[in-house]
Amino acid sequence: MKIQIINGPNLNLLGKREPEIYGSESFEDYFEQLKKRFPQVELHYYQSNVEGELINKIHEVGFSFDAILLNAGGYTHTSVAISDAIAGVTTPTLEVHISNIYKREEFRHKSIISKSCVGMISGLGLKGYELGISYFLHTPEL
């Protein structure tokens, strides 16, 4: 199984940015743990602060990978283009958020990308990525 993790804007600052919300671990360190936890999965990681680059990555892997875990960051609430990119590919995408978006500012309560995703994990910290991988491993019919 090949899974692409895509993180959007400001997630390159994990471990430094608002540790009370996002924790103190960098995603790169966490990604190494994920690879050890799931040796049977070919995991790939990509992060960009640029909307078009995220769309390009979805297009690049969206017909050849088994799954995408997408944390679109702030673009979750604003990007019709990312939602369209997810809808336009055949690879199933699971929306992931480290924080509970429903405990945050009102504008974060609306996800534009959810309608194009198979589901959403929100508020479980970095563990949400692990749960997303487990979901895809145990849902072969997707």
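The values are calculated or read from the model by the stated rules, or taken from the named source; none is laboratory data. As the structure is a computational prediction, the values presented were derived from the model and not from experiment. Note that each Cβ is placed from the backbone with ideal geometry, even for glycine, and that neighbours are counted across all protein chains shown. Just the protein is used for accessible areas: all its heavy atoms, side chains included, with ligands, DNA and RNA removed. Shrake-Rupley method; radii C 1.70, N 1.55, O 1.52, S 1.80 Å.
Quick notes on this structure:
- This model, with +1 at the C-beta of Lys and Arg and -1 at the C-beta of Asp and Glu, gives the chain a dipole about its Cα centre of some 220 debye.
- Area accessible to solvent at residue 29, 1.4 Å probe radius, in Å²: 90
- Fully extending the segment from residue 56 to residue 80, taken as 0.36 nm per residue of separation minus the present Cα-Cα distance, adds 7.2 nm.
- MRE, 222 nm, helices only [DSSP H, n ≥ 4, -39500 (n - 2.57), over the chain, to nearest 500]: -9000 deg cm²/dmol
- If a spin label sat at a point 7 angstrom from the Cα of residue 18 along the line to its beta carbon, the backbone N atoms of segment 122-136 nearer than 13 Å would be those of 123.
- Extension gain, residue 38 back to residue 25 (0.36 nm per residue minus Cα-Cα distance, nm): 2.8 nm
- Proximal charge balance of residue 92 [Cβ under 12 Å; K/R count +1, D/E count -1]: -3
- Lysine pairs in the chain whose alpha-carbon atoms fall under 20 angstrom of each other, counting only those eight or more residues apart or on distinct chains, come to 9.
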